[in-house]
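Colleague: This is the structure I have questions about; it appears just below.
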Amino acid sequence: MFKPRDIETYRRDEKLGHKLLTPEERIRLLKPYLPSPPLHPSEQANRRAMENEQRLGVRRLIKRHWHLLVFTIVHAIFSLYIRIRRAYHQVVNKISSVYLHHHRAPDLIYNDVKDLRRLPKHLSVILNLDEDARGGTGLAKLIEEASDIAAWCASARIPQLSIYEKTGTLKGYLPRVHRSMTQKLAAYFGPNTPGIGIRAPHCPSIETAQTLAASRIENDGLKHLSVMILSAEDGRDSIVDLTKTLADMSQRGKISTSDITIELVDAELSESVMGEPDLLLLFGPRVELVGYPPWQVRLTEISHVQDNEGVNYQVFYRGLLKYAGAQMRWGR
Amino acid sequence: MSDLYLSRIRNWFLSSPPAEWALKGLRETLIGALKQGPIPRHVAFVMDGNRRYARSHKIETIEGHHLGFEALARVLEICYKCGVEVVTVYAFSIENFNRPQYEVDGLMELAKVKLEQLIQHGEVLERYGASVRVLGERDLLSDDVLEVVDRAVSTTKNNKKCILNICFPYTSREEMTTAIRSTVEEYSKSSAPKSTPFSQTRITQKIMSKQGGKSEKSESGNSSSGQEPTHNPTESDDNEDSMSSTTTLYPDSPGRVSKHGSNNVTIYPNAENITAETIDKHLYTADCPPLDVFVRTSGVERLSDFMLWQCHQDTQMFFLECFWPEFGLWHFLPVLLEWQWRQKKKAMEERPRQRVKTA
């Protein structure tokens, strides 16, 4: 885009600390690349400018039509490309889901993941309620998906799982979710079912009978899976609530504003909502955080599969692969 | 061997005048075509991968940063031509201070030099209405860099057409904490009494005196203990609660009355009025439109403490495999196209749903 000669001049100038060219020379260098400046209101009121506009009017009209034509063509090509990409991904995903099927066998799942360099300790997923589904089928589907994910986590020996669902529907049915998850785990594990504890922020947790569960596990599988259910109100709104409390305390003189530090906010939020997840799985076709708690997602690896629709095992597996291959540099 | 010759021939061909003219025309047409559709108002870039690019091309890492700056110039030109209003770039994180000292110094030098250049071209920026802002925790910068930063920001302060936000040094958590702190500060300042003919002190004292002798006792207790109402905790707390109950009938009115003496009544704004928008207004990006597109290069799929609050709802995030110095129109074009396509789909979905709702 920039002429190579100009790039060379610029780089030579830069190496000498910008002393080679004066500012005027630099502007002359840049001038052919600068876009046309926007008209000032004073210039627009100028009659000569209006006359120019009328003369160039035809040219501008043709240009605009030409651009519209190119726009339509480019978008047509793009939507064709998207359709082809989606079809291709659907075929590939179907094939890999057959190949990578979990067969409800925790040992198979654990086999898949045990060679990975590292596993997340806290996995998080975003689920979407199907709003077009009639009656209670949307909720039933959500609970089914959540139970599947919990079963896979338990098989892969990931001790903590958090499920974010924007509308909060899942939060209102915690006992039902717990029952469904226990059933699914029993179907997967048989007698060695790990215990499940489900909670939501500011709600008491529901646990399975711990003593029975713990005594039954013979090998070194996961003993307990803790599941946290989140909704939109645990995102920005909980930060707003924290601000309200802090403002209240400051008005009463209990704290001063210099006491509000990152550590304080972090401690409060991890205490009342949840800690930071290591990996966030998205089951939709694109990456959009639909209200996921902003504070906790700081260093979370975000994984999605392009053009994927729905919850299936191979998105889970690919997410774990991506997490194992990711390099954390911590700013260095 | 043949690859080397082929790339040289290709470069020679591409730099010849007809090819250049054709490419230029193609770029102009594509950008003009994109402008016919919806354009994101606020785009954020994480300029990642400079050092890896330098290593893979066997040049110095600081050279990689210089090439990254050139890529930034290219991207800014494209965004300006497309009509993007605000561009936010992640130049330097507070965590990056952990890097080796010579690298940090090199980056600071780069920033100083480029900002100096910007100041020198002040009237060009003014003609295009472009303003530059530097967001982040200024206390961590050394004085000479800070001085250049301040000058650059104040020179371009009045340009309103488009804004470049350079996040330097920036961490999103620090931004959110600062926003919380300034919100709390704002709500802890007693609101200036409005000049109405009715004196608020007289009204509150009238209400207080109506509540009987209990108020007088706690009033004397408060004024003797000074700031902290530790004596008669139950009575004074009851008093404060009843005070707030009478005044919270009108949620917008000042909610808390605190007595610091028998004459002064300081009224605090009601903390219940704090919403997400309040915190939004205290962020560094307060007057910018909501974030539409988030682009991160070099294949890393994390947010890394950048714009956590801003990209939490509708922002579409793109993680690209290329390194930042390679980023140009041909990488940005699919991003914009996909965003435009998604916006069209959203608009189409809204229309049938509205029709169903009204039917």
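Colleague: Of the residues B:His57, B:His65, which is surrounded by fewer than 20 Cβ atoms within 10 Å (Cβ to Cβ) and either out of contact with any Pro (no Cβ under 8 Å at 6 or more places or on another chain) or at the interface with chain A (Cβ under 10 Å from one of its Cβ atoms) (or both)?
Modeller: The unique qualifying residue is B:His57.
Colleague: May I ask you to say which residue of B:Glu109, B:Glu95, B:Glu77, B:Glu123 is outside any strand (DSSP E or B), in contact with an Asp or Glu (Cβ under 8 Å, 6 or more places away or on another chain) and either surrounded by fewer than 19 Cβ atoms within 10 Å (Cβ to Cβ) or within 14 Å of chain A (Cβ to nearest Cβ) (or both)?
Modeller: B:Glu95
Colleague: Filter the range A:94-126 for residues that are exposed (fewer than 13 other Cβ atoms within 10 Å of the Cβ) and under 18 Å from A:Glu309 (Cβ atoms) and give the result.
Modeller: Correct list: A:Lys94, A:Ile95, A:Val98.
Colleague: Which residue out of A:Tyr313, A:Tyr292 is touching a Gly at 6+ places or on another chain (Cβ under 8 Å) and not polar (S, T, N, Q)?
Modeller: Just a single option satisfies the conditions, and that option is A:Tyr292.
Yes/no matrix, rows are residues, columns are (1) small (Gly, Ala, Ser); (2) assigned to a helix (DSSP H, G or I):
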{"residue": "A:Thr72", "(1), (2)": "no, yes"}
{"residue": "A:Leu80", "(1), (2)": "no, yes"}
{"residue": "A:Val92", "(1), (2)": "no, yes"}
{"residue": "A:Ser96", "(1), (2)": "yes, yes"}
{"residue": "A:Tyr110", "(1), (2)": "no, yes"}
{"residue": "A:Asp132", "(1), (2)": "no, no"}
{"residue": "A:Ile143", "(1), (2)": "no, yes"}
{"residue": "A:Ala150", "(1), (2)": "yes, yes"}
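Colleague: Any residue at all in the range B:165-186 that's touching a residue at least 24 places away in the same chain (Cβ under 8 Å) and more than 18 Å from the chain's Cα centre (by Cα)?
Modeller: yes
Colleague: Answer yes or no: is there a residue in the range A:134-153 that is farther than 19 Å from A:Gly221 by Cβ and of a type in the set (Val, Ile, Thr).
Modeller: There is at least one residue in the range A:134-153 that is farther than 19 Å from A:Gly221 by Cβ and of a type in the set (Val, Ile, Thr).
Colleague: Go through (1) closer than 24 Å to B:Thr315 by Cα; (2) within 11 Å of chain A (Cβ to nearest Cβ); (3) part of a helix (DSSP H, G or I) for B:Leu72 and report which single condition fails.
Modeller: (2) is the only condition that B:Leu72 fails.
Colleague: Test each condition in (1) of a type outside the set (S, T, N, Q); (2) farther than 22 Å from B:Arg296 by Cβ; (3) in contact (Cβ under 8 Å) with a residue 24 or more places away in the chain for B:Val43 and report the one that comes out false.
Modeller: The single condition B:Val43 does not satisfy is (2).
Colleague: Pick from the range B:278-304 the residues that are facing another protein chain (nearest Cβ under 9 Å), out of contact with any Leu (no Cβ under 7 Å at 6 or more places or on another chain) and assigned to a loop (DSSP other than H, G, I, E, B): which of them is farthest from A:Glu288 (Cα to Cα)?
Modeller: So the residue we want is B:Val300.
Colleague: Still on this model: Determine whether the range B:43-51 contains at least one residue that is away from every other protein chain (no Cβ under 12 Å) and in a helix (DSSP H, G or I).
Modeller: Yes, the conditions are met somewhere in the range B:43-51.
Colleague: Residues being within 12 Å of another protein chain (Cβ to nearest Cβ) and touching a helix residue (DSSP H, G or I) at 6+ places or on another chain (Cβ under 7 Å): count how many of those fall in the range A:83-96.
Modeller: Matching residues across the range A:83-96 total 0.
Colleague: Would you check if B:Val134 is surrounded by fewer than 17 Cβ atoms within 10 Å (Cβ to Cβ), aliphatic (A, V, I, L, M) and either assigned to a helix (DSSP H, G or I) or touching a strand residue (DSSP E or B) at 6+ places or on another chain (Cβ under 8 Å) (or both)?
Modeller: no
Colleague: Follow-up question, since we're still on this one. Only residues that are within 12 Å of another protein chain (Cβ to nearest Cβ) and acidic (Asp, Glu): list them for the range A:295-321, please.
Modeller: Across the range A:295-321, the qualifying residues are A:Glu301, A:Asp307.
Colleague: Still on this structure, I have one more. Which one of these does A:Tyr292 not meet: (1) more than 10 Å from chain B (Cβ to nearest Cβ); (2) under 30 Å from A:Asp130 (Cβ atoms); (3) of a type in the set (Ser, Thr, Tyr)?
Modeller: (1)
Colleague: Search the range A:290-300 for residues being farther than 16 Å from A:Ala232 by Cβ and without any contact (Cβ under 8 Å) to a residue 40 or more places away in the chain, and hand back the single one that is surrounded by the fewest Cβ atoms within 10 Å (Cβ to Cβ).
Modeller: A:Leu299
Rule-based calculations on the coordinates, nothing more; no lab input. It should be emphasised that the depicted structure is a prediction, and the values quoted were computed from it without experimental measurement. Methodologically, a virtual Cβ is constructed for each residue, glycine included, from the backbone with ideal geometry; neighbour enumeration extends over all protein chains shown.
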